[in-house]
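The values are calculated or read from the model by the stated rules, or taken from the named source; none is laboratory data. All values derive from a computational prediction rather than experimental measurement. Because the Cβ atoms are built from the backbone with ideal geometry, glycine has one as well, and the counts that use them run over all protein chains shown.
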Amino acid sequence: MQPLYTTIMDRKNFLKSGLLAGTTALMGSANAFEQNIVSNNIDKLVDANGNYIHQPLPYSETFLEPYMDAETLHLHYTFHHGGAVKGANKDLAMIKKALDDNNLETVDYWTKKLAFHASSHILHSIFWTNLTNKQTRPTDDLLKRIDKSFGSYDRLLALIGETSKNVDGNGWGILAYQPYGDSLTVLQCENHEKLTQWGCIPLLVIDVWEHSYYLKYKNKRADFVDAMFKIINWDNVAQRLSDATKLTS
Ligand SMILES: [Fe+2]
């Protein structure tokens, strides 16, 4: 059996070569979104200083007419997506300020805001590149994986269609690659987040469900968290970071 990292790299190289051929044919001249995926193997949404940036749209605002009208696209991209980028930068700055000031009273609020804004930025950036002005169908490796995970392309459409149409309030339907199972999966997402940032790869996790501490620490969750800091295997965290950063190199 191939190591997980090797199989991921094979897929990345395959996807990269496909993207190189596909995006140039599809979009013509290079643009920031296109360069992003080709150069980084993943959307890169920050500048050299780590600030989030709002890339130009990969096409004109009339490109998706009549299925998506230009006015909607303009408002959506400029104010909703653009607002999320501004918000994410403010959230990052406020978390940094709280750490600089050694005053953590506000970080619960700002990390929630960052989850909302950064997830919005990530998902919108993917959304724009997911769309084009003609009907296409999955082929090759993508189609094989759709067949394996869902049975057929039509069954995937039925699943993601039903999932998207039934989001309570605002949200997204999402087709995702699940690296832990090497499979495709469909998710329903309310708003943008639920306190996550999409695409994050966990490096260190602290289980604060009550079953994790209640026998010994009773209601003192904070004591349990402090105790865990004494037994964390940072070598393991470092190995996970090394593997995760290779996914985008
Ligand atoms: Fe949106």
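Observations
- The criterion of at least 1 residues that are among the hydroxyl-bearing types (Ser, Thr, Tyr) and at pLDDT below 90 is met by the following helices (runs of 4 or more DSSP H) wholly inside segment 200-249: 234-246.
- For segment 61-82, the criterion of being loosely packed, with under 11 Cβ neighbours inside 10 Å and away from the ligand (no atom under 16 Å from the Cβ) is satisfied by at least one residue.
- Per the conditions (1) within 16 Å of the ligand (Cβ to nearest atom); (2) surrounded by fewer than 17 Cβ atoms within 10 Å (Cβ to Cβ); (3) not aliphatic (A, V, I, L, M), the sole criterion not satisfied by THR136 is (1).
- Look at segment 58-80: where a residue is over 17 Å from THR129 (Cβ atoms) and a partner is in a helix (DSSP H, G or I) and away from the ligand (no atom under 11 Å from the Cβ), sitting 6+ places away or on another chain with Cβ atoms under 9 Å, you get THR62/ALA70.
- Among (1) more than 16 Å from the ligand (Cβ to nearest atom); (2) within 25 Å of PRO179 (Cβ to Cβ); (3) exposed (fewer than 13 other Cβ atoms within 10 Å of the Cβ), the one test that ALA93 misses: (2)
- Going through (1) among the polar types (S, T, N, Q); (2) in contact (Cβ under 8 Å) with a residue 24 or more places away in the chain; (3) touching a strand residue (DSSP E or B) at 6+ places or on another chain (Cβ under 6 Å) one by one, GLN178 falls short only on (2).
- Selection within segment 130-184 - hydroxyl-bearing (Ser, Thr, Tyr) and modelled with pLDDT of 90 or more: THR132, THR136, THR139, SER149, SER152, TYR153, THR163, SER164, TYR177, SER183
- Taken together, GLY161, GLY171 contain a single residue that is closer than 30 Å to THR62 by Cβ, touching a residue at least 12 places away in the same chain (Cβ under 8 Å) and out of contact with any strand residue (DSSP E or B) (no Cβ under 6 Å at 6 or more places or on another chain), which is GLY161.
- No other residue among LYS230, LYS220, LYS148, LYS165 is farther than 29 Å from HIS121 by Cβ and exposed (fewer than 11 other Cβ atoms within 10 Å of the Cβ) apart from LYS230.
- For segment 177-191, the criterion of being surrounded by fewer than 12 Cβ atoms within 10 Å (Cβ to Cβ), of a type in the set (Phe, Trp, Tyr) and not assigned by TED's automatic domain parsing to the domain that holds LEU143 is met by no residue.
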